[in-house]
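Chemist: First the structure, then my questions, so here it is.
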Amino acid sequence: MRDTFLVFASPQIAQDEIDEVVASMEVGWLGTGPKVRQFENDFAAYKQSPYAAALNSCTAGLHLCCAALDLQPGDEVITTAMTFCATVNAIIHSGATPVIVDIDPYTFNISPEAIARKITPKTRAIIPVHFAGRPCQMEEIMAIAENNNLKVIEDCAHAIETEYKGKKAGTFGHFGVFSFYVTKNIITGEGGMVISEDEERINRIKVLGLHGMTRHAWQRFSDAGYKHYFVEECGFKYNMMDLQAAIGIHQLRRVEKNWLRRQAIWQQYNEAFANLPLQLPSPIQAHTRHGYHLYTILIDPEKTGIGRDRFLDEMTARKIGIGVHYLSIAEHPYYQRTFAWQPEDYPQAMKVGRETVSLPISPKLSDQDVADVIEAVYDLLKR
(Lines give C-alpha, C1' and ligand atoms only; values in the text may rest on other atoms or scores of the structure.)
Protein backbone atom coordinates (compact mmCIF):
# COMPACT_ATOMS: atom_id res chain seq x y z
CA MET A 1 0.00 0.00 0.00
CA ARG A 2 1.29 3.44 -0.96
CA ASP A 3 1.74 6.17 1.63
CA THR A 4 0.42 8.88 -0.70
CA PHE A 5 -2.34 8.99 -3.29
CA LEU A 6 -1.15 8.67 -6.90
CA VAL A 7 -3.07 11.34 -8.83
CA PHE A 8 -4.29 10.17 -12.22
CA ALA A 9 -2.60 12.06 -15.10
CA SER A 10 -0.73 14.45 -12.83
CA PRO A 11 1.07 16.94 -15.11
CA GLN A 12 4.84 17.14 -15.37
CA ILE A 13 5.87 20.76 -14.82
CA ALA A 14 9.54 21.75 -15.13
CA GLN A 15 11.44 24.86 -14.12
CA ASP A 16 11.43 26.13 -17.71
CA GLU A 17 7.64 26.56 -17.62
CA ILE A 18 7.77 28.24 -14.24
CA ASP A 19 10.45 30.69 -15.37
CA GLU A 20 8.53 31.52 -18.56
CA VAL A 21 5.31 32.23 -16.65
CA VAL A 22 7.17 34.41 -14.16
CA ALA A 23 8.78 36.30 -17.05
CA SER A 24 5.33 37.04 -18.47
CA MET A 25 4.17 38.31 -15.10
CA GLU A 26 7.25 40.52 -14.71
CA VAL A 27 6.74 42.05 -18.15
CA GLY A 28 3.05 42.50 -17.35
CA TRP A 29 1.71 41.00 -20.56
CA LEU A 30 -0.68 38.30 -19.35
CA GLY A 31 -3.38 38.12 -22.04
CA THR A 32 -3.12 37.22 -25.71
CA GLY A 33 0.24 38.46 -26.96
CA PRO A 34 3.65 37.48 -28.34
CA LYS A 35 3.91 34.16 -26.51
CA VAL A 36 0.59 33.00 -27.92
CA ARG A 37 1.90 33.85 -31.38
CA GLN A 38 5.12 31.91 -30.69
CA PHE A 39 3.20 28.89 -29.41
CA GLU A 40 0.98 28.94 -32.51
CA ASN A 41 4.02 29.05 -34.79
CA ASP A 42 5.87 26.33 -32.86
CA PHE A 43 2.86 24.02 -32.80
CA ALA A 44 2.11 24.54 -36.48
CA ALA A 45 5.72 23.64 -37.27
CA TYR A 46 5.53 20.50 -35.11
CA LYS A 47 2.34 19.38 -36.86
CA GLN A 48 3.67 20.40 -40.30
CA SER A 49 0.66 22.63 -40.85
CA PRO A 50 0.85 26.14 -42.30
CA TYR A 51 -1.65 27.83 -39.97
CA ALA A 52 -2.70 27.57 -36.33
CA ALA A 53 -5.04 29.40 -33.95
CA ALA A 54 -4.58 29.10 -30.18
CA LEU A 55 -7.73 29.15 -28.05
CA ASN A 56 -8.72 28.62 -24.44
CA SER A 57 -9.89 25.01 -24.96
CA CYS A 58 -10.32 22.22 -27.45
CA THR A 59 -14.06 22.62 -26.93
CA ALA A 60 -13.81 26.21 -28.16
CA GLY A 61 -11.86 24.97 -31.16
CA LEU A 62 -14.49 22.40 -32.08
CA HIS A 63 -17.26 24.98 -31.71
CA LEU A 64 -15.47 27.56 -33.85
CA CYS A 65 -14.68 25.00 -36.57
CA CYS A 66 -18.40 24.23 -36.75
CA ALA A 67 -19.12 27.98 -36.83
CA ALA A 68 -16.54 28.53 -39.58
CA LEU A 69 -18.40 25.97 -41.70
CA ASP A 70 -21.58 28.09 -41.35
CA LEU A 71 -23.64 25.13 -40.19
CA GLN A 72 -27.37 25.83 -40.08
CA PRO A 73 -30.26 24.37 -38.06
CA GLY A 74 -31.20 21.07 -39.65
CA ASP A 75 -27.64 20.32 -40.79
CA GLU A 76 -26.25 17.03 -39.46
CA VAL A 77 -22.74 16.26 -38.22
CA ILE A 78 -21.67 12.64 -37.69
CA THR A 79 -19.38 11.73 -34.80
CA THR A 80 -18.55 8.81 -32.51
CA ALA A 81 -20.57 7.42 -29.63
CA MET A 82 -17.31 6.97 -27.67
CA THR A 83 -16.07 10.46 -26.87
CA PHE A 84 -16.18 13.24 -24.30
CA CYS A 85 -19.37 15.29 -24.27
CA ALA A 86 -17.53 18.34 -25.68
CA THR A 87 -17.47 16.80 -29.15
CA VAL A 88 -21.24 16.53 -29.28
CA ASN A 89 -21.91 19.78 -27.41
CA ALA A 90 -19.88 21.77 -29.94
CA ILE A 91 -22.16 20.52 -32.71
CA ILE A 92 -25.26 21.42 -30.70
CA HIS A 93 -23.99 24.92 -29.88
CA SER A 94 -23.32 25.55 -33.57
CA GLY A 95 -27.02 24.99 -34.27
CA ALA A 96 -26.52 21.70 -36.10
CA THR A 97 -27.75 18.23 -35.12
CA PRO A 98 -25.29 15.59 -33.89
CA VAL A 99 -25.58 12.07 -35.27
CA ILE A 100 -23.59 9.46 -33.36
CA VAL A 101 -22.41 6.11 -34.72
CA ASP A 102 -20.83 3.04 -33.19
CA ILE A 103 -17.13 2.23 -32.87
CA ASP A 104 -14.78 -0.41 -34.18
CA PRO A 105 -14.31 -2.97 -31.35
CA TYR A 106 -10.58 -3.32 -32.11
CA THR A 107 -9.57 0.35 -32.11
CA PHE A 108 -12.46 1.94 -30.16
CA ASN A 109 -12.45 4.57 -32.92
CA ILE A 110 -15.39 5.60 -35.09
CA SER A 111 -16.32 2.96 -37.67
CA PRO A 112 -16.08 4.19 -41.29
CA GLU A 113 -18.75 1.68 -42.27
CA ALA A 114 -21.07 3.09 -39.61
CA ILE A 115 -20.42 6.62 -40.89
CA ALA A 116 -21.39 5.63 -44.42
CA ARG A 117 -24.68 4.14 -43.20
CA LYS A 118 -25.73 7.36 -41.42
CA ILE A 119 -25.13 9.84 -44.24
CA THR A 120 -28.28 11.64 -45.39
CA PRO A 121 -28.96 14.66 -47.63
CA LYS A 122 -28.68 16.77 -44.44
CA THR A 123 -25.16 15.61 -43.53
CA ARG A 124 -22.60 18.40 -43.72
CA ALA A 125 -19.56 17.19 -41.75
CA ILE A 126 -17.82 14.35 -39.89
CA ILE A 127 -15.92 14.68 -36.61
CA PRO A 128 -13.70 11.62 -36.09
CA VAL A 129 -12.05 11.35 -32.65
CA HIS A 130 -8.60 9.74 -32.39
CA PHE A 131 -9.45 7.88 -29.19
CA ALA A 132 -6.70 7.43 -26.57
CA GLY A 133 -4.06 8.46 -29.12
CA ARG A 134 -4.83 5.78 -31.73
CA PRO A 135 -5.49 7.24 -35.19
CA CYS A 136 -8.79 6.74 -36.96
CA GLN A 137 -8.87 5.16 -40.42
CA MET A 138 -8.41 8.53 -42.07
CA GLU A 139 -8.03 7.33 -45.65
CA GLU A 140 -11.43 5.67 -45.53
CA ILE A 141 -13.02 8.59 -43.70
CA MET A 142 -11.64 11.18 -46.11
CA ALA A 143 -12.81 9.10 -49.08
CA ILE A 144 -16.33 9.01 -47.62
CA ALA A 145 -16.19 12.77 -47.06
CA GLU A 146 -14.97 13.54 -50.57
CA ASN A 147 -17.54 11.26 -52.20
CA ASN A 148 -20.32 13.02 -50.29
CA ASN A 149 -18.96 16.60 -50.34
CA LEU A 150 -18.55 16.67 -46.55
CA LYS A 151 -16.13 18.60 -44.33
CA VAL A 152 -13.96 16.81 -41.75
CA ILE A 153 -13.02 18.21 -38.34
CA GLU A 154 -10.49 15.94 -36.62
CA ASP A 155 -10.91 15.87 -32.83
CA CYS A 156 -7.28 15.40 -31.80
CA ALA A 157 -7.70 15.98 -28.06
CA HIS A 158 -5.83 12.70 -27.47
CA ALA A 159 -3.60 12.79 -30.53
CA ILE A 160 -0.82 15.37 -30.40
CA GLU A 161 1.93 12.87 -31.34
CA THR A 162 -0.33 10.58 -33.38
CA GLU A 163 0.36 9.68 -37.01
CA TYR A 164 -1.42 7.59 -39.64
CA LYS A 165 0.60 6.17 -42.51
CA GLY A 166 3.34 8.73 -42.00
CA LYS A 167 1.02 11.74 -41.84
CA LYS A 168 0.26 13.63 -38.64
CA ALA A 169 -3.16 13.52 -37.04
CA GLY A 170 -5.00 16.76 -37.59
CA THR A 171 -3.64 17.29 -41.10
CA PHE A 172 -6.04 15.00 -42.97
CA GLY A 173 -9.27 16.92 -42.44
CA HIS A 174 -10.20 20.51 -43.09
CA PHE A 175 -9.41 21.24 -39.42
CA GLY A 176 -7.47 19.51 -36.62
CA VAL A 177 -8.38 20.47 -33.05
CA PHE A 178 -6.13 19.80 -30.04
CA SER A 179 -6.43 19.97 -26.26
CA PHE A 180 -3.90 21.21 -23.71
CA TYR A 181 -6.08 20.45 -20.69
CA VAL A 182 -4.19 19.53 -17.53
CA THR A 183 -4.41 15.76 -18.18
CA LYS A 184 -3.24 15.90 -21.81
CA ASN A 185 0.16 15.10 -23.36
CA ILE A 186 0.94 18.82 -23.64
CA ILE A 187 -0.65 21.00 -20.99
CA THR A 188 -1.33 24.69 -20.53
CA GLY A 189 -3.83 24.18 -17.69
CA GLU A 190 -6.69 24.99 -20.04
CA GLY A 191 -6.10 25.54 -23.72
CA GLY A 192 -6.58 24.35 -27.28
CA MET A 193 -5.35 24.79 -30.84
CA VAL A 194 -6.87 24.58 -34.32
CA ILE A 195 -4.69 23.83 -37.33
CA SER A 196 -5.63 24.01 -40.99
CA GLU A 197 -4.25 24.53 -44.46
CA ASP A 198 -6.99 27.12 -45.05
CA GLU A 199 -5.62 30.53 -44.04
CA GLU A 200 -8.97 32.26 -44.52
CA ARG A 201 -10.77 29.88 -42.15
CA ILE A 202 -8.00 30.08 -39.52
CA ASN A 203 -8.16 33.87 -39.64
CA ARG A 204 -11.92 33.70 -39.22
CA ILE A 205 -11.52 31.39 -36.21
CA LYS A 206 -9.13 33.91 -34.64
CA VAL A 207 -11.66 36.69 -35.15
CA LEU A 208 -14.56 34.59 -33.84
CA GLY A 209 -12.44 33.55 -30.85
CA LEU A 210 -12.13 37.15 -29.64
CA HIS A 211 -15.60 38.69 -29.83
CA GLY A 212 -15.50 38.97 -33.62
CA MET A 213 -12.97 41.82 -33.33
CA THR A 214 -10.47 42.59 -36.07
CA ARG A 215 -7.61 43.26 -33.62
CA HIS A 216 -6.64 41.64 -30.31
CA ALA A 217 -5.10 43.52 -27.38
CA TRP A 218 -1.50 42.99 -28.46
CA GLN A 219 -2.31 44.68 -31.76
CA ARG A 220 -4.28 47.50 -30.08
CA PHE A 221 -2.05 48.45 -27.16
CA SER A 222 1.54 47.71 -28.23
CA ASP A 223 4.26 50.35 -28.49
CA ALA A 224 3.38 50.73 -32.18
CA GLY A 225 0.50 52.89 -31.02
CA TYR A 226 -3.22 52.39 -30.52
CA LYS A 227 -5.09 50.80 -33.41
CA HIS A 228 -8.86 50.89 -33.77
CA TYR A 229 -10.76 47.61 -34.04
CA PHE A 230 -14.06 46.75 -35.66
CA VAL A 231 -16.47 43.97 -34.78
CA GLU A 232 -17.01 41.95 -37.94
CA GLU A 233 -19.01 39.05 -36.47
CA CYS A 234 -20.81 38.14 -33.25
CA GLY A 235 -17.95 36.18 -31.72
CA PHE A 236 -16.97 34.54 -28.45
CA LYS A 237 -14.40 34.96 -25.65
CA TYR A 238 -12.21 31.97 -26.53
CA ASN A 239 -8.69 33.44 -26.74
CA MET A 240 -5.61 31.88 -25.13
CA MET A 241 -3.49 33.93 -22.70
CA ASP A 242 0.28 34.42 -22.79
CA LEU A 243 0.38 32.87 -19.31
CA GLN A 244 -0.97 29.65 -20.82
CA ALA A 245 1.23 29.80 -23.92
CA ALA A 246 4.29 30.32 -21.69
CA ILE A 247 3.69 26.82 -20.31
CA GLY A 248 2.88 25.30 -23.69
CA ILE A 249 6.04 26.55 -25.40
CA HIS A 250 8.24 24.44 -23.11
CA GLN A 251 5.82 21.52 -22.89
CA LEU A 252 6.01 21.24 -26.69
CA ARG A 253 9.80 21.15 -26.60
CA ARG A 254 9.66 18.01 -24.41
CA VAL A 255 6.80 16.30 -26.23
CA GLU A 256 8.96 13.62 -27.90
CA LYS A 257 10.90 12.84 -24.73
CA ASN A 258 7.63 12.48 -22.81
CA TRP A 259 6.18 10.34 -25.59
CA LEU A 260 9.05 7.87 -25.15
CA ARG A 261 8.37 7.69 -21.40
CA ARG A 262 4.69 6.99 -22.04
CA GLN A 263 5.66 4.30 -24.53
CA ALA A 264 7.90 2.63 -21.94
CA ILE A 265 5.10 2.63 -19.33
CA TRP A 266 2.65 1.26 -21.93
CA GLN A 267 5.01 -1.63 -22.67
CA GLN A 268 5.51 -2.36 -18.97
CA TYR A 269 1.76 -2.61 -18.47
CA ASN A 270 1.37 -4.85 -21.51
CA GLU A 271 4.00 -7.24 -20.22
CA ALA A 272 2.80 -7.19 -16.62
CA PHE A 273 -0.88 -7.78 -17.43
CA ALA A 274 -0.47 -10.24 -20.31
CA ASN A 275 -1.68 -13.24 -18.27
CA LEU A 276 -4.47 -11.50 -16.38
CA PRO A 277 -8.17 -11.86 -17.40
CA LEU A 278 -8.25 -8.30 -18.75
CA GLN A 279 -8.79 -6.96 -22.24
CA LEU A 280 -5.71 -4.84 -22.89
CA PRO A 281 -5.38 -2.18 -25.60
CA SER A 282 -5.22 -3.74 -29.04
CA PRO A 283 -1.75 -4.03 -30.63
CA ILE A 284 -0.67 -0.88 -32.43
CA GLN A 285 -1.00 -1.12 -36.21
CA ALA A 286 2.32 -1.11 -38.05
CA HIS A 287 1.41 1.90 -40.21
CA THR A 288 0.48 4.13 -37.27
CA ARG A 289 2.04 6.06 -34.44
CA HIS A 290 0.07 5.91 -31.20
CA GLY A 291 -0.01 8.99 -28.97
CA TYR A 292 -0.08 6.86 -25.78
CA HIS A 293 -2.49 9.28 -24.19
CA LEU A 294 -4.66 6.72 -22.39
CA TYR A 295 -3.93 3.14 -21.33
CA THR A 296 -7.36 1.56 -21.19
CA ILE A 297 -8.26 -1.90 -19.91
CA LEU A 298 -11.68 -3.55 -20.00
CA ILE A 299 -13.04 -5.16 -16.83
CA ASP A 300 -15.39 -7.95 -17.92
CA PRO A 301 -17.13 -9.06 -14.68
CA GLU A 302 -17.60 -12.62 -15.96
CA LYS A 303 -13.86 -12.98 -16.57
CA THR A 304 -12.52 -11.00 -13.61
CA GLY A 305 -15.14 -11.69 -10.96
CA ILE A 306 -15.48 -7.97 -10.27
CA GLY A 307 -17.53 -5.20 -11.83
CA ARG A 308 -15.90 -2.12 -13.32
CA ASP A 309 -17.24 0.33 -10.74
CA ARG A 310 -16.12 -1.85 -7.84
CA PHE A 311 -12.70 -2.06 -9.51
CA LEU A 312 -12.59 1.75 -9.52
CA ASP A 313 -13.41 1.90 -5.83
CA GLU A 314 -10.90 -0.78 -4.88
CA MET A 315 -8.08 0.87 -6.84
CA THR A 316 -8.86 4.19 -5.16
CA ALA A 317 -8.75 2.43 -1.78
CA ARG A 318 -5.25 1.28 -2.73
CA LYS A 319 -4.34 4.96 -3.35
CA ILE A 320 -4.16 4.63 -7.14
CA GLY A 321 -5.96 7.33 -9.12
CA ILE A 322 -7.69 6.05 -12.25
CA GLY A 323 -10.15 7.34 -14.83
CA VAL A 324 -13.07 6.30 -17.05
CA HIS A 325 -12.84 7.29 -20.74
CA TYR A 326 -15.74 7.22 -21.36
CA LEU A 327 -19.29 6.18 -20.71
CA SER A 328 -20.78 6.13 -24.19
CA ILE A 329 -22.52 9.35 -25.15
CA ALA A 330 -25.87 7.56 -25.30
CA GLU A 331 -25.67 6.71 -21.57
CA HIS A 332 -26.13 10.35 -20.53
CA PRO A 333 -29.61 11.59 -19.55
CA TYR A 334 -29.46 14.87 -21.50
CA TYR A 335 -28.84 13.17 -24.84
CA GLN A 336 -31.43 10.50 -24.11
CA ARG A 337 -34.04 13.20 -23.42
CA THR A 338 -33.01 15.41 -26.34
CA PHE A 339 -32.26 12.91 -29.11
CA ALA A 340 -33.84 9.68 -27.79
CA TRP A 341 -30.44 7.94 -28.02
CA GLN A 342 -30.21 4.62 -26.19
CA PRO A 343 -26.95 2.79 -25.33
CA GLU A 344 -28.19 -0.47 -26.82
CA ASP A 345 -28.31 1.17 -30.26
CA TYR A 346 -24.50 1.47 -30.12
CA PRO A 347 -23.53 -1.91 -28.64
CA GLN A 348 -19.75 -1.69 -29.07
CA ALA A 349 -19.56 1.75 -27.47
CA MET A 350 -21.94 0.62 -24.72
CA LYS A 351 -19.75 -2.39 -23.84
CA VAL A 352 -16.54 -0.36 -23.79
CA GLY A 353 -18.17 2.45 -21.80
CA ARG A 354 -19.41 0.08 -19.12
CA GLU A 355 -16.15 -1.85 -18.74
CA THR A 356 -13.34 0.62 -19.45
CA VAL A 357 -10.74 1.84 -16.94
CA SER A 358 -7.81 4.16 -17.68
CA LEU A 359 -4.62 3.52 -15.72
CA PRO A 360 -2.03 6.25 -15.00
CA ILE A 361 0.44 6.78 -17.85
CA SER A 362 1.84 10.28 -17.19
CA PRO A 363 5.56 10.84 -17.91
CA LYS A 364 5.72 12.18 -14.36
CA LEU A 365 5.33 8.61 -13.03
CA SER A 366 8.40 7.17 -11.35
CA ASP A 367 9.38 3.52 -11.78
CA GLN A 368 8.01 2.94 -8.28
CA ASP A 369 4.69 4.57 -9.23
CA VAL A 370 4.36 2.21 -12.19
CA ALA A 371 5.24 -0.77 -9.97
CA ASP A 372 2.58 0.35 -7.48
CA VAL A 373 -0.09 0.44 -10.21
CA ILE A 374 0.84 -3.03 -11.38
CA GLU A 375 0.88 -4.39 -7.82
CA ALA A 376 -2.54 -2.89 -7.06
CA VAL A 377 -4.11 -4.46 -10.18
CA TYR A 378 -2.61 -7.86 -9.33
CA ASP A 379 -3.65 -7.64 -5.69
CA LEU A 380 -7.20 -6.72 -6.57
CA LEU A 381 -7.70 -9.42 -9.21
CA LYS A 382 -6.17 -12.11 -6.99
CA ARG A 383 -8.75 -11.32 -4.34
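The values are calculated or read from the model by the stated rules, or taken from the named source; none is laboratory data. Quick caveat: nothing in here was measured; it's all calculated off a predicted structure. Methodologically, a virtual Cβ is constructed for each residue, glycine included, from the backbone with ideal geometry; neighbour enumeration extends over all protein chains shown.
Chemist: If Glu163 satisfies all but one of (1) crowded, with 21+ Cβ neighbours inside 10 Å; (2) in contact with a Ser or Thr (Cβ under 7 Å, 6 or more places away or on another chain); (3) among the charged types (D, E, K, R), what's the number of the condition it fails?
Modeler: (1)
Chemist: Hey, another quick one. With segment 33-109 as the region, which helices (runs of 4 or more DSSP H) entirely inside it contain at least 2 residues that are not assigned by TED's automatic domain parsing to the domain that holds Ala125?
Modeler: In segment 33-109, no matching helices (runs of 4 or more DSSP H) lie anywhere.
Chemist: With the structure loaded, tell me whether Tyr335 is over 22 Å from Ala132 (Cα atoms) and either among the aromatic types (Phe, Trp, Tyr) or in contact with a Cys (Cβ under 9 Å, 6 or more places away or on another chain) (or both) or whether it fails that test.
Modeler: So Tyr335 passes the test.
Chemist: Does Asn275 satisfy the criteria of being surrounded by fewer than 19 Cβ atoms within 10 Å (Cβ to Cβ), in the same structural domain as Ser366 (by TED's automatic domain parsing) and not in a helix (DSSP H, G or I)?
Modeler: yes
Chemist: Tell me, please, whether a residue that is under 25 Å from the mean Cα position of the chain (by Cα), closer than 20 Å to Pro281 by Cα and basic (Lys, Arg) can be found in segment 308-326.
Modeler: yes
Chemist: How many residues are of a type in the set (Val, Ile, Thr), touching a residue at least 40 places away in the same chain (Cβ under 8 Å) and farther than 20 Å from Gly291 by Cβ when one looks only at segment 74-91?
Modeler: Looking only at that region, the number is 3.
Chemist: Looking at Ala272, Ala264, can you tell me which residue is over 22 Å from the mean Cα position of the chain (by Cα) and within 27 Å of Ser362 (Cβ to Cβ)?
Modeler: After ruling out the rest, the residue left standing is Ala272.
Chemist: While we're on this one: Please go through (1) at pLDDT 95 or above; (2) surrounded by 17 or more Cβ atoms within 10 Å (Cβ to Cβ); (3) among the β-branched types (Val, Ile, Thr) for Thr32 and return the number of the only condition it doesn't satisfy.
Modeler: Result: Thr32 fails condition (1) only.
Chemist: Still on this structure, I have one more. Determine which member of the set Leu71, Leu62, Leu6 is free of Cβ contacts under 8 Å to residues at least 60 places away in the same chain and out of contact with any Leu (no Cβ under 6 Å at 6 or more places or on another chain).
Modeler: When all the criteria are applied, what remains is Leu71.
Chemist: Given the residues Gly248, Gly176, which is the only one that is under 15 Å from the mean Cα position of the chain (by Cα), outside any loop (DSSP other than H, G, I, E, B) and on the phi < 0 side of the Ramachandran plot?
Modeler: Gly176
Chemist: I would also like to ask the following. Check whether at least one residue in segment 118-125 is in contact (Cβ under 8 Å) with a residue 12 or more places away in the chain and under 18 Å from Lys168 (Cβ atoms), and report yes or no.
Modeler: no
Chemist: Looking only at segment 1-19, which residues are surrounded by 20 or more Cβ atoms within 10 Å (Cβ to Cβ) and in a helix (DSSP H, G or I)?
Modeler: Scanning segment 1-19 gives a single hit, Glu17.
Chemist: A follow-up question, please. Can you name the residue in segment 126-146 that is touching a Cys at 6+ places or on another chain (Cβ under 8 Å) and free of Cβ contacts under 8 Å to residues at least 60 places away in the same chain and is also nearest to Thr356 (Cα to Cα) among such residues?
Modeler: Val129
Chemist: In segment 82-98, which residues are closer than 19 Å to Ala116 by Cα and surrounded by fewer than 21 Cβ atoms within 10 Å (Cβ to Cβ)?
Modeler: Thr97
Chemist: Here's something else I'd like to know. Does Gly225 satisfy the criteria of being touching a Pro at 6+ places or on another chain (Cβ under 8 Å) and either at pLDDT 95 or above or over 27 Å from Arg254 (Cβ atoms) (or both)?
Modeler: Criteria not met by Gly225.
Chemist: Sticking with this one: Can we say Tyr229 is touching a strand residue (DSSP E or B) at 6+ places or on another chain (Cβ under 7 Å), of a type in the set (Phe, Trp, Tyr), surrounded by fewer than 23 Cβ atoms within 10 Å (Cβ to Cβ) and closer than 24 Å to Ile91 by Cα?
Modeler: So Tyr229 does not fit the description; no.
Chemist: So how many residues does segment 118-140 have that are farther than 27 Å from Gln285 by Cα and of a type outside the set (Lys, Arg)?
Modeler: Adding up the residues that qualify gives 4.
Chemist: With the condition kept exactly as written, say whether any residue in segment 115-130 is modelled with pLDDT of 95 or more and in contact with a His (Cβ under 7 Å, 6 or more places away or on another chain).
Modeler: Yes, there is a match, as at least one residue in segment 115-130 is modelled with pLDDT of 95 or more and in contact with a His (Cβ under 7 Å, 6 or more places away or on another chain).
Chemist: Continuing with this model, one more query. Count, please, the residues in segment 301-329 that happen to be more than 18 Å from Phe8 (Cα to Cα) and not in a helix (DSSP H, G or I).
Modeler: 4
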